[in-house]
1. Anything in the stretch A:318-333 that is surrounded by fewer than 24 Cβ atoms within 10 Å (Cβ to Cβ) and either more than 14 Å from the ligand (Cβ to nearest atom) or not assigned by TED's automatic domain parsing to the domain that holds A:CYS85 (or both)? List them, or say none.
2. Restricting attention to strands (runs of 3 or more DSSP E) lying wholly within the stretch A:18-121, give those where 1 or more residues are under 22 Å from A:VAL389 (Cα atoms).
3. So which residues in the stretch B:219-241 are touching a Gly at 6+ places or on another chain (Cβ under 8 Å) and surrounded by fewer than 20 Cβ atoms within 10 Å (Cβ to Cβ), if there are any at all?
4. A:SER233: within 16 Å of the ligand (Cβ to nearest atom), within 18 Å of the chain's Cα centre (by Cα), small (Gly, Ala, Ser) and crowded, with 20+ Cβ neighbours inside 10 Å, yes or no?
5. Looking at A:GLY126 and the list (1) closer than 25 Å to A:LEU165 by Cα; (2) in contact with a helix residue (DSSP H, G or I) (Cβ under 8 Å, 6 or more places away or on another chain), which single condition is not satisfied?
6. Determine whether the stretch A:68-81 contains at least one residue that is surrounded by fewer than 20 Cβ atoms within 10 Å (Cβ to Cβ) and either over 21 Å from the mean Cα position of the chain (by Cα) or under 19 Å from A:THR401 (Cβ atoms) (or both).
7. Test of understanding: among A:ARG387, A:ARG435, A:ARG411, which residue is outside the structural domain of A:GLN335 (by TED's automatic domain parsing), part of a loop (DSSP other than H, G, I, E, B) and in contact (Cβ under 8 Å) with a residue 24 or more places away in the chain?
Amino acid sequence: MTTTLITGARLLGEDVADVLVEDGRIAAIGATATAARHDVVVPADGLVMLPGLVDLHTHLREPGREDAETIWSGTRAAALGGFTCVHAMANTNPVQDTAGVVEQVWRLGRDAGWVDVHPVGAVTVGLAGTQLAELGAMAASAARVRIFSDDGKCVHDPVVMRRALEYAKAFDGVIAQHSQEPGLTASSQMHEGIVSAELGLTGWPAVAEEAIIARDVLLAGHVGSRLHVLHLSTAGSVDIVRWAKARGIDVTAEATPHHLFLTDELVRGYDPVFKVNPPLRTAADVEAVRAGLADGTIDTVGTDHAPHPREDKDCEWAAAAFGMTGLETALSVVQAAMVDTGRMTWADVARVMSFTPAAIGRVADQGRPIEVGEPANLTLVDPAARRVVTAQDQATASLNTPFGGMELPGRVVATFLHGRATVLEGRLVEHEGARR
Amino acid sequence: MRHLLSTGDLSREQAVTILDTAAAMAATQAREIKKLPTLRGRTVVNLFFEDSTRTRISFETAAKRLSADVINFSAKGSSVSKGESLKDTAQTLQAMGADAVVIRHHASGAPHRLAASRWTDGAVVNAGDGTHQHPTQALLDAYTLRRHLIGLHGGADPTGRDLDGLRVAIVGDVLHSRVARSNVQLLHTLGAQVTLVAPPTLLPVGVESWTADVSYHLDEVLAQGPDAVMMLRVQRERMGGGGFFPSPWEYTRGYGLDARRLAQLPEHTIVMHPGPMNRGLEISADAADSPRSVVVEQVANGVAVRMAVLYLVLSGQDQTAGDLVAGQIGAHA
Ligand SMILES: [Zn+2]
């Protein structure tokens with residue numbers, strides 16, 4: 001295998017050191033690396049080296065909605081975004097609620113070879129919220145599922161949620177909840193507040209998220225289980241998670257790039273590219289989510305990359321699908337919202353986009369420190385670059401980025417997956433043996 | 001005025017221009033021959049994704065009195081009901097050469113999408129979108145208010161005037177009402193003071209940011225002697241299990257306009273309703289048929305206001321043409 005010397009990068013945005021990559025691992029760092037024999041040099045002066053990013057929240061849409069995305073196209077987008085590992089959400093068709101389906105997704109991910117794909121298992125059969133799926137079988141399968149979620153739907157029944165939390169303890173699983181009280185959000189279209197009142201769009205109130213999070217942290221505390229709160233979006237949710245952590249409850253929480261950056265004011269033009277669930281909230285909520293991410297109340301950034309075919313967005317607001325793509329913009333948005341504002345360091349970015357997500361997902365060979373002997377899952381980002389996002393230029397098969405036309409900071413220059421470059425000079429590196 | 005999507009987009013000057021133009025149009029309608037050659041050769045499409053015979057007929061009459069060609073495109077019995085998208089429909093109309101598209105849609109914001117998307121080059125006139133806006137209804141309400149209440153004591157010609165100082169109560173299902181949203185914005189722009197009256201469940205979260213006062217008590221508001229009381233339609237489906245109010249009787253007791261409440265109002269106060277009325281629910285027959293009621297006149301004024309709007313969007317003018325005011329409306333190429 002090729003031996004690669006990456007020169008001049010600032011590791012986690014701190015000290016400059018050369019890094020030697022050999023046999024899928026970091027073989028040397030610093031003077032030893034510089035002096036070592038190598039086949040290829042990747043010059044990285046001025047770039048920041050991060051551990052390969054890990055997403056706990058990716059909708060790859062295959063099987064079932066290959067018109068929106070495939071594992072092939074979605075994982076290529078992930079590599080371009082600096083990811084080396086994604087967790088594929090369970091709301092496929094068929095649903096990822098059996099060992100057979102999760103193993104299929106896992107294999108397709110391996111065959112494509114762009115990132116490590118870890119399927120998320122459904123909590124309930126068919127995401128219907130009534131009967132537990134075979135969590136144990138999915139955990140024991142080749143896919144080794146550890147994260148379970150009905151994402152897109154809330155596990156609303158408190159008894160089902162309690163059982164799922166308890167049952168997952170047997171294999172160190174975690175329940176990742178899409179927190180949305182269904183009755184309070186019937187036919188909801190956007191955040192309920194000043195803008196929805198004016199636009200005449202049915203509101204999705206903050207309380208519908210907060211009520212479920214409050215219930216779930218109490219349930220998790222009661223049965224002593226792990227809970228992961230997906231795409232937390234309101235100031236009140238941040239407070240509840242902060243409170244729960246102070247009580248010692250084993251809860252982790254996720255924020256999405258869009259909830260760190262965009263507000264409900266964008267809905268005023270009725271462009272469904274801004275339609276997402278949970279919805280874009282107010283500027284005060286964005287500020288609270290940023291503060292929560294900076295102070296550690298929120299543990300991870302997950303993309304909630306949700307591709308949709310054009311016809312599902314090229315229509316009136318009410319008819320449009322919920323969701324935004326995000327794999328290829330996540331790091332730039334986090335840089336803009338958190339790093340360039342002075343609220344987080346690059347080491348903090350590594351924590352929320354790699355170390356902690358891998359730890360939550362119990363992924364042993366991802367989200368590791370940049371140290372000798374560790375797997376060479378690495379990302380090089382140029383923080384000084386600026387780019388205008390163009391939907392058509394992205395690798396995802398869908399166009400529904402909310403950042404189209406916006407200038408964002410930062411660019412992923414290179415990504416290494418177990419020592420092999422998947423991206424160099426900002427472009428995908430095609431590899432032999434890749435199977436669609 | 002390129003499109004008419006929301007009353008929130010109108011300046012005071014633009015709104016007054018529309019009202020003055022409507023007055024000029026109304027003057028021509030008193031003649032024996034009502035038809036004007038103004039929009040000859042232009043095509044107006046009525047694109048109705050939601051049933052509303054009243055509004056469609058009003059727009060159709062307005063367009064025909066201006067000699068425009070009218071195409072009615074309704075969801076019932078057309079490809080729209082077979083799942084054709086707004087986009088495809090709009091492009092079909094574009095191919096037919098629509099100069100203006102009058103759109104009624106159940107989805108809030110659909111007219112904005114049509115105007116912003118370039119699916120059609122035509123002027124877009126919002127004829128009611130979801131629970132968002134119904135700008136021509138608000139304009140005809142403003143026109144009716146101005147005709148009855150401005151220059152009230154001097155009998156002066158209201159042309160050029162706004163609604164400065166008028167106090168208007170809007171009563172009922174504000175939450176689901178595009179008429180309320182359009183009126184709150186327009187009447188405020190024109191200088192009127194609006195008070196919304198409804199049970200708290202029928203007011204949207206966020207209403208505190210609107211340019212209107214809010215009350216839960218109709219009798220208190222009526223006691224202040226408003227110049228006009230606008231009753232909103234309340235749909236019977238809004239009650240029942242987990243509904244917005246406990247029963248129709250409780251609603252009527254609290255928020256219905258009946259003979260007793262009517263008698264409390266100052267003599268000059270007018271009663272309005274956008275129709276269709278639920279007699280016995282939000283308005284009693286006594287109130288609906290009283291001499292104070294201008295409900296029938298609202299319908300007639302609707303044609304004049306829609307003539308004005310079609311004229312202004314299709315002539316690309318923002319000001320009342322002098323010839324219009326003089327009642328000699330010529331053809332615009
Ligand atoms: Zn979700």
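1. A:ALA318, A:ALA319, A:ALA320
2. Filter on the stretch A:18-121 gives A:48-51, A:53-58, A:83-88.
3. Within the stretch B:219-241, just B:ARG233 meets the criteria.
4. yes
5. Every listed condition holds for A:GLY126 apart from (2).
6. No, every residue in the stretch A:68-81 fails to be surrounded by fewer than 20 Cβ atoms within 10 Å (Cβ to Cβ) and either over 21 Å from the mean Cα position of the chain (by Cα) or under 19 Å from A:THR401 (Cβ atoms) (or both).
7. Exactly one residue qualifies, and that residue is A:ARG435.
To keep it simple, each residue is scored yes or no on (1) away from chain A (no Cβ under 14 Å); (2) surrounded by fewer than 24 Cβ atoms within 10 Å (Cβ to Cβ); (3) not small (Gly, Ala, Ser).
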{"position": "B:ALA116", "(1), (2), (3)": "no, yes, no"}
{"position": "B:ALA127", "(1), (2), (3)": "yes, no, no"}
{"position": "B:LEU140", "(1), (2), (3)": "yes, no, yes"}
{"position": "B:TYR143", "(1), (2), (3)": "yes, no, yes"}
{"position": "B:HIS148", "(1), (2), (3)": "yes, yes, yes"}
{"position": "B:ASP162", "(1), (2), (3)": "yes, yes, yes"}
{"position": "B:GLY165", "(1), (2), (3)": "yes, yes, no"}
{"position": "B:ALA192", "(1), (2), (3)": "yes, no, no"}
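The values are calculated or read from the model by the stated rules, or taken from the named source; none is laboratory data. All values derive from a computational prediction rather than experimental measurement. Neighbour counts run over all protein chains shown; Cβ positions are idealised from the backbone, glycine included.
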